[in-house]
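A short worksheet on the structure shown next.
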Amino acid sequence: MAAFSVSCANGLHEPRMKRPRMALIAGVYAWFQFMMPMIGWVCVHTLLEYFTAFQALIPWIALGLLLWIGGGMLRDGLRGGESEEPRSLTLAVLLVQGIATSIDALSVGFTIAGYDGKTALIASCIIAAVTFVLCIGGLLIGRKVGTRLSGKANILGGVILILIGIEIFIKGIYTRLP
């Protein structure tokens, strides 16, 4: 759902986005949503003690990344930084968004740790397919709303990203409390 929400924000940011670009963005998020559980699964089977220490940092990393990206969008929107033609997402920003929205999926690797490699791979593929479809939907919704909001799209998109970061952080901290 975080990837869906960020897709909505990206559609808001770039309301004239073409379908191939939408497929690329959704594909990046789906790739990360596929890879993170697999990385978690591998960690459980090989590097469990190192991953356990890193797991506590996941909410902090997601919060920091989304605050950085969302804050930049919000700042641009408040400064009136949107031109007639909004600048498109760079590959670097897209990759950071992909990591930020999927980093909590590393924990899924723990839940699928009991699966054999083939079953874990199939589960990750299903996660990726669902993510891809949801992100395409989010981009379409954001693009439609972004066209109507014009100059305020960056502000709304930035606020959405910041709220997602806070949500991931609170959920991550809350689930670690005894």
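Could you check segment 1-74 for helices (runs of 4 or more DSSP H) lying wholly inside it with 1 or more residues that are among the charged types (D, E, K, R) and touching a residue at least 12 places away in the same chain (Cβ under 8 Å)?
On the way: elements: 2-13, 19-46, 48-55.
Output list reads 19-46.
Please go through segment 163-178 and give me each residue that is in a helix (DSSP H, G or I) and either at pLDDT below 75 or of a type in the set (A, V, I, L, M) (or both), ordered by number.
Let us first name the residues in segment 163-178 that are in a helix (DSSP H, G or I), namely 163-176.
Scanning segment 163-178 gives LEU163, ILE164, ILE166, ILE168, ILE170, ILE173, THR175, ARG176.
Looking at this structure, is THR119 touching a Phe, Trp or Tyr at 6+ places or on another chain (Cβ under 8 Å), assigned to a helix (DSSP H, G or I) and modelled with pLDDT of 80 or more?
So THR119 fails the test.
Taking the condition of being under 15 Å from LEU161 (Cα atoms) and modelled with pLDDT under 80, how many residues in segment 79-102 meet it? Spell out how you get there, then give the answer.
Narrowing segment 79-102 to residues under 15 Å from LEU161 (Cα atoms): 89, 93-102.
Restricting the remaining residues to those that are modelled with pLDDT under 80 gives 89.
The qualifying residues number 1.
Among (1) at pLDDT 85 or above; (2) under 15 Å from the mean Cα position of the chain (by Cα); (3) open to solvent by less than 60 Å² (accessible area, probe 1.4 Å), which single condition is SER124 missing?
The failed condition is (2).
So SER107 clears everything in (1) at pLDDT 80 or above; (2) farther than 23 Å from LYS18 by Cβ; (3) assigned to a helix (DSSP H, G or I) except one condition, right? Which one?
Tallying (1) at pLDDT 80 or above; (2) farther than 23 Å from LYS18 by Cβ; (3) assigned to a helix (DSSP H, G or I), SER107 fails exactly one: (1).
The values are calculated or read from the model by the stated rules, or taken from the named source; none is laboratory data. Predicted model, so just to flag it, every value in this text is computed and none were measured. When we count neighbours, we look across all protein chains shown, and the Cβ atoms used for this are built from the backbone with ideal geometry, even at glycine. What goes into the accessible areas is simple: the full protein's heavy atoms, side chains included, and nothing from ligands, DNA or RNA. Shrake-Rupley method; radii C 1.70, N 1.55, O 1.52, S 1.80 Å.
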